[in-house]
Structure formats: C-alpha cells, structure tokens
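Please treat every number below as a calculation from the coordinates, not as lab data. These numbers come from a predicted model, not from an experiment. As a convention, Cβ positions derive from the backbone with ideal geometry for all residues, glycine included, and neighbour counts pool all protein chains shown.
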Amino acid sequence: MRCHRGLTTIADLEQLIAEEDMEARQPKEAAGPESKSCSPREAFRRAVTLWNAGTPRGFDEAFPYLLQAASGGILGAHEWLGAAYDYGIGTAVDHRKSFEHYLWGAQRGDANCEYHVGIFLAQGKGTRKDTVLGAKWLSKAAKHGDREAIDLLGRWYRDGRGVRRDPRKGFRLHLKAAQMGCLDAQFSVGYCLSRGIGTRADPVAAFKWYLKAAKRGDSDAAHNVAHFYRLGRGVRRSEARAEFWIRRAQELQEVATK
C-alpha cells in the first residue's frame with residue numbers, strides 16, 4: 001500500500017478518494033435473501049423500522065437492508081452505516097468503513113455526515129489525521145445549519161484548533177448554536193460570559209445561560225449555578241438554592257455514569 005501524501009485541502013482529499021476509487025468499494029457483506037427482493041428505498045424503510053426497535057436483533061436485521069439501500073444510492077443509508085460501523089451496531093466496529101460512508105454523504109451535502117468527517121479527520125479516526133481539513137468540513141456542516149457543528153467550530157476558534165485563533169468569532173458561534181437550542185453551546189456561552197472570553201464579562205448574563213443549561217440537564221451548568229448562588233455572583237445570594245443545585249448536579253452526574 002502506497003503512503004498517502006499530506007492532505008491540506010478538500011480538493012486534495014477528493015483527489016485521493018478518486019485515485020483509490022473509494023465510492024466503488026461498497027461493503028462486501030451479503031445483503032441477505034429478503035433484502036434483495038425490495039427496492040433500495042424500501043430497504044431503507046425496513047432498516048429504519050428495525051433499527052428503531054432498539055433491540056440487538058433489530059440492529060442485526062437492519063444492517064443488510066442498510067447495505068442494500070446504500071448500494072442503491074440512498075444517502076440516509078450511508079449516514080446510518082457510518083454510525084453502525086463507528087459504534088459497532090449490527091456489525092463489527094470499522095472506523096475506516098465508517099469514514100467512507102460518512103464521506104459519501106458529506107460529498108453530497110449532508111450536514112451530519114460533514115460534521116462526522118470533520119471529527120474523524122481531526123482525530124485521525126479511520127483516516128489520516130488532518131485538523132485543518134477537518135475544520136473545513138466542520139465549517140461546511142455549520143453553514144448547512146448543524147448546531148453541534150456550529151458550537152464545536154466555536155470551540156475550535158477559541159482554541160485555535162485547525163483555524164486561526166479568534167475568541168470573538170468563537171463566542172459568536174457558541175451564541176448562535178445556543179440560540180438554536182444546542183445544550184453544550186448554552187453552557188459554553190455561560191462560560192465565556194463568566195470569564196470574558198471573546199466578549200465582555202457579564203456575570204448576570206452568564207448566570208442566565210448556565211441556569212438555562214442546568215434546567216435542561218447539564219450537570220456542569222448545575223454546579224456553576226450553585227456556585228453563583230453561593231457567591232451571589234450575577235444573582236442574589238441564596239445558600240438554600242445553592243444547596244438545591246449542588247444536589248441536582250450530583251443527581252445528573254449519577255445518571256450520566258449509569
């Protein structure tokens with residue numbers, strides 16, 4: 001196997017894919033006798049029904065239908081196969097195959113696939129590590145409205161990961177994702193406002209964002225709400241409310257570890 005050259009642009013990656021004919025290398029697993037008798041669209045419908053049953057048997061039976069649907073060009077099937085190979089749902093874990101399926105969808109404008117391609121490239125998961133290229137794919141997902149991509153891109157701008165460091169732009173992206181309902185972004189907005197990262201420090205506004213995230217089940221936000229109540233920072237001091245949110249943070253952490 002030849003060594004891959006460094007990948008610095010999306011065009012580089014697409015050229016490499018063309019050279020290796022990745023699209024032609026569909027998964028070789030047999031689709032199964034029943035799946036062969038239906039159309040790709042019907043195969044995907046059956047896969048979704050079986051998958052949503054949420055049982056090991058359902059996942060196993062959904063997998064060959066996903067393969068058939070993907071070979072027939074159903075974009076959603078590639079997205080779901082990306083997840084199946086990533087987490088070992090209905091098949092063995094194979095991050096290379098996961099990346100290939102996500103990339104197929106990303107090249108056709110699917111925001112969730114673009115998000116995952118960006119993550120895989122940044123981590124070197126199933127492909128050669130390239131954080132700069134990963135950030136470009138993450139930016140594509142953000143432009144297509146993926147709120148988790150918008151939030152994560154905000155973090156990358158704050159830290160200068162794959163992009164030139166720009167805390168102000170990072171905060172703006174966090175705020176946009178938070179306003180779209182992204183829970184992690186709501187915590188991040190509170191964090192930035194609390195510490196004055198990329199924006200003017202504003203304890204009152206920070207408390208409001210932390211409280212919003214805490215009420216939705218973010219344990220770190222709940223802990224910070226308790227801290228603000230205990231210090232009277234951004235809100236009237238209340239030891240009773242501080243104790244309530246400390247207990248709530250502990251409950252949320254226990255649930256998360258189960």
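General remarks:
- Percent RCO, i.e. relative contact order, over the stretch 130-206, from Cα pairs under 8 Å lying at least 6 residues apart: 22
- Only Cα pairs under 8 Å and 6+ residues apart enter the sum, and on that basis the relative contact order of the stretch 132-258 stands at 14 percent.
- Residue of Glu100, Glu243, Glu148 that the Gaussian network model of the chain assigns the largest fluctuation, springs spanning Cα pairs under 10 Å: Glu243
- More than 25 Å apart - percent of Cα-Cα pairs taken over the chain: 55
- Among His78, His174, His227, the residue with the largest mean-square fluctuation in a Gaussian network model of the chain, with springs joining Cα atoms closer than 10 Å, is His227.
- Local charge for Gly232 was computed over the other residues whose Cβ lies under 13 Å away, with Lys and Arg +1 and Asp and Glu -1, and equals +4.
- Rg and Dmax [Cα atoms of the stretch 178-258; Å; Rg one decimal, Dmax integer]: 12.1, 38
- For Lys258, the lysines whose Cα comes closer than 25 Å to its Cα, not counting residues fewer than 8 places off in the same chain, are Lys212, Lys215.
- Computed over the stretch 107-258, the quotient of the alpha carbon radius of gyration and 2.2 N^0.38 Å is 1.15.
- Formal net charge of residues neighbouring Ala206 (Cβ-Cβ distance under 9 Å; K, R +1; D, E -1): +2
- Our coupling estimate for the stretch 137-147, obtained by passing each phi through the Karplus curve with A = 6.51, B = -1.76, C = 1.60 and θ = phi - 60°, is 5, 5, 5, 4, 4, 5, 5, 8, x, 6, 5 Hz, Gly and Pro reported as x.
- Cα centroid separation, the stretch 128-151 to the stretch 90-123: 12 Å.
- Farthest toward the positive end of the dipole of the chain, out of Ile119, Gly58, Gln68, is the Cα of Ile119, where the dipole comes from beta carbon charges about the Cα centre.
- Once C-alpha pairs closer than 8 Å and six or more residues apart are averaged by separation and normalised to the residue number of the chain, the relative contact order reads 8 percent.
- Springs between Cα atoms under 10 Å define the GNM used for the chain, and in it the highest mean-square fluctuation of Ala149, Ala177, Ala43 occurs at Ala43.
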